[in-house]
Amino acid sequence: MTLQMNQEEISIIKGVRFHNFSEYAVCHIEDFSDDLKDRLRNQLSYICFGASKAESSRKAYSYKRTLIEFLNRYDSKTSDTQMGMIGELLTHILISSYFPELSAVSPYFNMEEKSIKKGFDVILYSRGNQELWITEVKSGELHKGKSANETLLDLLGTAKRDLQKRLNENELTLWENAINGAYVALENKKDVKDAVLEILYEVEDSVAEERADSKNKNVILVASLFSHLSDKIQANEVKKYYNRMTRKKSFGNVIVLSFQKNTYQKVVDFLKLEAQ
């Protein structure tokens, strides 16, 4: 069962033009608005640590402390990884805003080291359908000699190949990380935690028996393109990619989310200013 998405432009975040279609969505972030900044403020701790810790009163999970922890990780990374971190952060904001039936059940931070987590980028849970959605995010600037649409297709293709490879690997570590992440994110959310863990343990059992299979997994492929909006990604190109990709039946249910913003630097500047 796929998620219900209306074929229309939805006005939820000021400065963001978000077009929903049946199995794909296209978003242009035209303005890093106060509305978008407020959503980052309100959700940063939830994204980075998970709902249980974010809802606690501990100072370690306050907005200010989360900013410091995020920037410590960010500043030590290469420029490509930094771009990916911002792309994934914006993905969390967009999904929570435009796909309210989905909730993240994996923390952004890897608790064992000063890094973003290992394994899958985002694991989401649909309470209504009692399904998991494995999300892969690929971020980039305009590829040399290519248009926005051509670069977008490159990013989506990479996301698809990487996720398909991992979902077909009989690698227990991926699912152990997912299980541990769910424990952290949902520590005080027993009903959701139990449902999510049951699904993850079933998948882990199949991997332990060397029966890994991407074809029965729900996935969201995300391309975050940081390039000037004078050359915009087009919904029709995303639709054609979705149709080509789904004909191959590499996954179960699929959603393709593509978004474009002029630059990721404004987001970084905002976070650094907030941390002062």
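Scanning the range 41-69 for residues that are of a type in the set (Lys, Arg) and more than 19 Å from the chain's Cα centre (by Cα), which turns out surrounded by the most Cβ atoms within 10 Å (Cβ to Cβ)? First the steps, then the outcome.
Of the range 41-69, the ones of a type in the set (Lys, Arg) are 41, 53, 58-59, 64-65.
Then keep just the ones that are more than 19 Å from the chain's Cα centre (by Cα); that gives 53, 58-59, 64-65.
Details: Lys53: 21, Arg58: 11, Lys59: 8, Lys64: 13, Arg65: 16.
Out of the qualifying residues, it is Lys53.
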Q.
Can you find, within the range 185-202, the residue that is nearest to Gln43 (Cα to Cα) among those that are in a helix (DSSP H, G or I) and open to solvent by less than 20 Å² (accessible area, probe 1.4 Å)?
A. Ala185
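Could you tell me whether any residue of the range 143-158 is part of a helix (DSSP H, G or I), surrounded by 18 or more Cβ atoms within 10 Å (Cβ to Cβ) and β-branched (Val, Ile, Thr)?
Looking only at the range 143-158, we keep the residues that are part of a helix (DSSP H, G or I), and these are 148-158.
The next check asks that each one be surrounded by 18 or more Cβ atoms within 10 Å (Cβ to Cβ); those that pass are 148-149, 151-153, 155-156.
After this cut, where a residue has to be β-branched (Val, Ile, Thr) as well, the list is 151.
So far as the range 143-158 goes, yes, one or more of its residues are part of a helix (DSSP H, G or I), surrounded by 18 or more Cβ atoms within 10 Å (Cβ to Cβ) and β-branched (Val, Ile, Thr).
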Q: From Leu94, Leu89, grab the single residue that is under 23 Å from Glu187 (Cβ atoms) and either in a strand (DSSP E or B) or under 19 Å from the mean Cα position of the chain (by Cα) (or both).
A: Leu89
Q. Are there any pairs with C-beta distances below 9 angstrom linking a residue in the range 70-96 that is within 14 Å of Ile220 (Cβ to Cβ) and open to solvent by 10 Å² or more (accessible area, probe 1.4 Å) to a residue that is of a type outside the set (A, V, I, L, M, F, W, C) and assigned to a helix (DSSP H, G or I), with the two at least 6 apart or on different chains, and if so which?
A. His92/Gln43; His92/Tyr46; Ser96/Arg39; Ser96/Gln43; Ser96/Tyr46
Q: Taking the options Phe251, Phe226, name whichever one is surrounded by 16 or more Cβ atoms within 10 Å (Cβ to Cβ) and under 23 Å from Ser79 (Cα atoms).
A: Phe226
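Okay, residues lined up against (1) more than 22 Å from Ser96 (Cα to Cα); (2) of a type outside the set (Gly, Ala, Ser); (3) in contact with a Gly (Cβ under 9 Å, 6 or more places away or on another chain):
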position	(1), (2), (3)
Lys217	no, yes, yes
Lys232	yes, yes, no
Asn236	yes, yes, no
Lys240	yes, yes, no
Lys266	no, yes, no
Phe270	no, yes, no
(Q) Within the range 1-22, take every residue that is within 16 Å of Asn253 (Cβ to Cβ) and open to solvent by 30 Å² or more (accessible area, probe 1.4 Å) and give me the one that is modelled with the lowest pLDDT. (A) Met1
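Are any of the residues in the range 101-110 charged (D, E, K, R), assigned to a loop (DSSP other than H, G, I, E, B), modelled with pLDDT under 95 and within 16 Å of the chain's Cα centre (by Cα)?
Step one: filter the range 101-110 for residues charged (D, E, K, R), giving 101.
This time we only want the ones that are assigned to a loop (DSSP other than H, G, I, E, B), so: 101.
If we keep only those that are modelled with pLDDT under 95 as well, we get 101.
Filter once more, keeping what is within 16 Å of the chain's Cα centre (by Cα): 101.
Among the residues of the range 101-110, at least one is charged (D, E, K, R), assigned to a loop (DSSP other than H, G, I, E, B), modelled with pLDDT under 95 and within 16 Å of the chain's Cα centre (by Cα), which makes the answer yes.
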Q. Which pairs do you get when a residue that is touching a residue at least 40 places away in the same chain (Cβ under 8 Å), found in the range 198-209, comes within reach of a residue that is outside any helix (DSSP H, G or I), reach meaning Cβ atoms under 7 angstrom, with the pair 6+ apart or on two chains?
A. Ile199/Leu132
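The values are calculated or read from the model by the stated rules, or taken from the named source; none is laboratory data. Model, not experiment: these values are computed from the prediction. Please note: Cβ atoms are built from the backbone with ideal geometry, for glycine as well, and neighbour counts cover all protein chains shown. Note: accessible area is taken over every heavy atom of the protein model, side chains too, but ligands, DNA and RNA are not part of it. Shrake-Rupley method; radii C 1.70, N 1.55, O 1.52, S 1.80 Å.
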